[in-house]
Structures are given as structure tokens and as C-alpha cells.
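Participant: Below are the C-alpha cells for one structure; questions will follow.
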Amino acid sequence: EHIHGLSLPAYVYPMFENALRRRYGCTIEEHAEKIGRLMSRLSLVAAKNPLAWFQHSFTPEEIMTLSETNRNTAFPYTKRMNAMLLVNQAAALLVASEAQAQKMGVNPLKWVYVHGYAEANDHLNVLEREGYGFSPAIEIAGRTALKQAGLTIEDIDFFDLYSCFPVAVQVTRDMLGIPENDSRDLTVTGGLPYFGGPGNNYVMHSMAQMVEVLRRHPGRTGLVTGNSFYMTKHSTAVCSTRSPENNAAATADTRTCQQAVDKRPKYEIDPTPSGRATVDTYTVIYDRDNLANKGIVIGKEENGKRFAAFTPSDPSLFSAMIEKDICGVTGRVVSKDKINLFTPD
């Protein structure tokens, strides 16, 4: 995976996005519009957040369209669809028992309780996963946290879904059962591309922001998700100023979530594939001069084994990969000196 670029999130998440587009049955143009609308809504929240790195909104067209300030990064993503890591931000949370909070003199009106919490990891190796347009770990952890809280997704008033890339938001939304046309915002901060994504500390910010939101809306509920690596590690927390009716979140053993994920199918990986193969998903990588310079595919051999490979460095092939969906396209893969090369038919 590392040799063929699957250690870089900026390469891997676009591959997930292309797989999701195929799952939705959208054209490339239709899906780009979906992404633009989704991320524009996040930026509207950032525009109203005085703590956001970018305190202005972007239209769907400004997010989708190539410009001097919005280059292509990896198909189908532009720069404005990527988490903004280069920020200077800090956040903190104070976690305490009720007794300790009282002892410290914290006003009970400021207390926010965790009503439900769960975490689970999808299969670590990207090539082993059963698919790329969904996440069993998000679905199982989300369902578990909501069950602990005694709530359904319709009961949640505020969300912050981890938003490093558009596909992370869409898959989380789908796995939690939030309708695509739901009127509720999917972030309270503005999201990683617009509020800012300070390394692996973004969820500290989203939790801190959710605490502030819930303090302003006593009795309402919020749901925050976390995501790490390549849509690998997932967590869900359900919070409210209301005191929980039970202690489910504190006493629950969420190892059952991981056990359920671990039972999901795994593909066998072939590091040296050879022969006929089919593309599961792909991306085209751009340099900083906005020139396509690398094609990467994840595919399956006829024996069912998964592999990662580069494509030939052919500008006409890159153009074809950008203009039409090659998920499902067949071709031939060869391996030499640990480098795999897939050539479409």
C-alpha cells in the first residue's frame, strides 16, 4: 500500500470518493455538484464562527471549480475539499465527575453529559476492506452510542461529523441514517477545510464547540464523530446538558463493536499481482502546477485477490480517467521490482 501511495490520506480519500460516486450511481458531473453543495454548507457555518480559520463562505462553484487559488489535488478533489492542516489553533476540555465539578464550583448550568459513546475500527489495511463507499465501523459505533443514549438519529439536534474530506462526511451521514436532504447542519465548527483541521486534534475543537452550543440550548442533544487514518478509526459521542437517566455510556463495554467489525469479510492482498484484473476504485494525482502526473488504482484479480497499482504515465489516459468513471473497467496488471502497473483495456 505504501509503495503505491496508499499511505497518504490526500490520495486515499479521493479513491473512496470515486467508489462512493459509483455506489450512488451518479455521473462525474452530478457527483461534483453534490460535493460542492455539501461543502458549501459547511463553509457557511465557518463563516459565522469567529474561531474559524476561514471566516467566509464558499459557493459550490468556488469549491468545485479550478482557479488560481483552488488547484486540483487528486481527482475528484480540489484544494478547498481538503482539510486545512496549516493552522494555529488550540482547544481544551475539562472532564470531571459531578462531585468534582461541584467541588470546583462549576455552574451546573454549564455541565454537559455524555449520554452515549462507542468506537470501532474498520480493517486497518485499505486493500482488505470489503468496499469503499461505506463503513461498518461508523454504522456499528453510531448505532451503539445512540442506543446507550436512548435516542434515534431523528432526536439529534446538532451534529459535527468529521470532515477531513467530503467522502468522510457523506459516508458518516449515510451510515448514521441522516437523509441527504436533511435540514440540520452537519457541523458546529465549519469543518476541517474551513474551520481548520489542526493535525489530529480537530475533535477536541468539535467537542469544545458542541459543549458551547449545548450550553446555549439546554436540553437539546448533539452528536460528534471522530475519524483517523484512512477512514479507519471511528468514534461517536452523544451529549446533552440533561443528566442521563442511566449510566450506560460510563459502564458500556464497546469491545462488542470491534468484535462485530472484525467479523466482516476481508480480501486477501496480492503484493505481486499478474494477469487480468478489474478496477475497484482509482484517482489521478496532480502536482502543484496543476498537471496530472500519476494514476493509482485499487483492483481485483480474477482470483479475487486485491492489489494496488500505478497506471502508465500517459496524459491521454489521465484525461480519460478524469472524464469518465473507470470503476469496473478491466485490464491487465503486472508486477516488477515491487511496483505494480495496471493498464486498462
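The values are calculated or read from the model by the stated rules, or taken from the named source; none is laboratory data. Remember, it's a predicted structure, so these values are computed and weren't measured experimentally. Quick reminder, even Gly has a Cβ in these numbers, built from the backbone with ideal geometry, and neighbours come from all protein chains shown.
Participant: Are any residues in region 163-181 closer than 22 Å to Phe75 by Cβ and not in a helix (DSSP H, G or I), and if so, which ones?
Facilitator: Ser163, Cys164, Phe165
Participant: Do any residues in region 238-259 that are closer than 15 Å to Pro218 by Cβ have Cβ atoms under 7 Å from those of residues that are part of a loop (DSSP other than H, G, I, E, B) and of a type in the set (Phe, Trp, Tyr), where the two are at least six apart or on different chains, and which pairs are they?
Facilitator: Thr241/Trp111
Residues checked against (1) without any contact (Cβ under 8 Å) to a residue 40 or more places away in the chain; (2) in contact with a His (Cβ under 9 Å, 6 or more places away or on another chain):
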site: His4; (1), (2): no, no
site: Glu17; (1), (2): no, yes
site: Arg21; (1), (2): no, yes
site: Ala47; (1), (2): no, yes
site: Pro50; (1), (2): yes, no
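Participant: Hey, another quick one. So which residues in region 115-135 are in a loop (DSSP other than H, G, I, E, B) and crowded, with 21+ Cβ neighbours inside 10 Å, if there are any at all?
Facilitator: Selection gives Asp122, Arg129, Tyr132, Ser135.
Participant: Have a look at Ile322, Ile326 and point out the one that is of a type in the set (Val, Ile, Thr), assigned to a helix (DSSP H, G or I) and modelled with pLDDT of 95 or more.
Facilitator: Ile322
Participant: Quick check, is Val224 modelled with pLDDT of 95 or more, among the hydrophobic types (A, V, I, L, M, F, W, C) and in the same structural domain as Val112 (by TED's automatic domain parsing)?
Facilitator: Answer is yes for this residue.
Participant: While we're here: When you scan region 186-193, do you find a residue that is within 15 Å of Arg41 (Cα to Cα), over 15 Å from the mean Cα position of the chain (by Cα), in the same structural domain as Arg23 (by TED's automatic domain parsing) and not aromatic (Phe, Trp, Tyr), even just one?
Facilitator: yes
Participant: Of all residues being of a type outside the set (D, E, K, R), in a loop (DSSP other than H, G, I, E, B) and modelled with pLDDT of 95 or more in region 244-289, which is nearest to Asn125 (Cα to Cα)? Just the residue, please.
Facilitator: Tyr267
Participant: A further question on this structure: Give region 58-83 a look and list any residue that's in contact (Cβ under 8 Å) with a residue 40 or more places away in the chain and either in the same structural domain as Asn293 (by TED's automatic domain parsing) or surrounded by 18 or more Cβ atoms within 10 Å (Cβ to Cβ) (or both), or say none.
Facilitator: Phe58, Asn72, Thr73, Ala74, Phe75, Pro76, Tyr77, Arg80, Met81, Asn82, Ala83, listed by residue number.
Participant: Continuing with this model, one more query. Is one or more of the residues making up region 40-56 of a type in the set (S, T, N, Q) and not in a loop (DSSP other than H, G, I, E, B)?
Facilitator: Checked against the condition, which is being of a type in the set (S, T, N, Q) and not in a loop (DSSP other than H, G, I, E, B), region 40-56 yields at least one hit.
Participant: Can you spot a residue in region 203-220 that is touching a strand residue (DSSP E or B) at 6+ places or on another chain (Cβ under 8 Å) and closer than 25 Å to Val261 by Cα?
Facilitator: The answer is yes, given that some residue of region 203-220 is touching a strand residue (DSSP E or B) at 6+ places or on another chain (Cβ under 8 Å) and closer than 25 Å to Val261 by Cα.
Participant: Hey, another quick one. Just to be sure before I move on: is Leu86 surrounded by fewer than 19 Cβ atoms within 10 Å (Cβ to Cβ) and assigned by TED's automatic domain parsing to the domain that holds Phe159 in the structure I sent?
Facilitator: yes
Participant: Can you tell me which residue in region 296-345 is surrounded by the fewest Cβ atoms within 10 Å (Cβ to Cβ), limited to those that are among the hydroxyl-bearing types (Ser, Thr, Tyr) and under 24 Å from Pro9 (Cβ atoms)?
Facilitator: Among residues in region 296-345 that are among the hydroxyl-bearing types (Ser, Thr, Tyr) and under 24 Å from Pro9 (Cβ atoms), the one surrounded by the fewest Cβ atoms within 10 Å (Cβ to Cβ) is Ser313.
Participant: Of all residues in region 267-281 being touching a helix residue (DSSP H, G or I) at 6+ places or on another chain (Cβ under 6 Å) and not assigned by TED's automatic domain parsing to the domain that holds Arg332, which is surrounded by the most Cβ atoms within 10 Å (Cβ to Cβ)?
Facilitator: Restricting to residues being touching a helix residue (DSSP H, G or I) at 6+ places or on another chain (Cβ under 6 Å) and not assigned by TED's automatic domain parsing to the domain that holds Arg332, the top hit is Tyr267.
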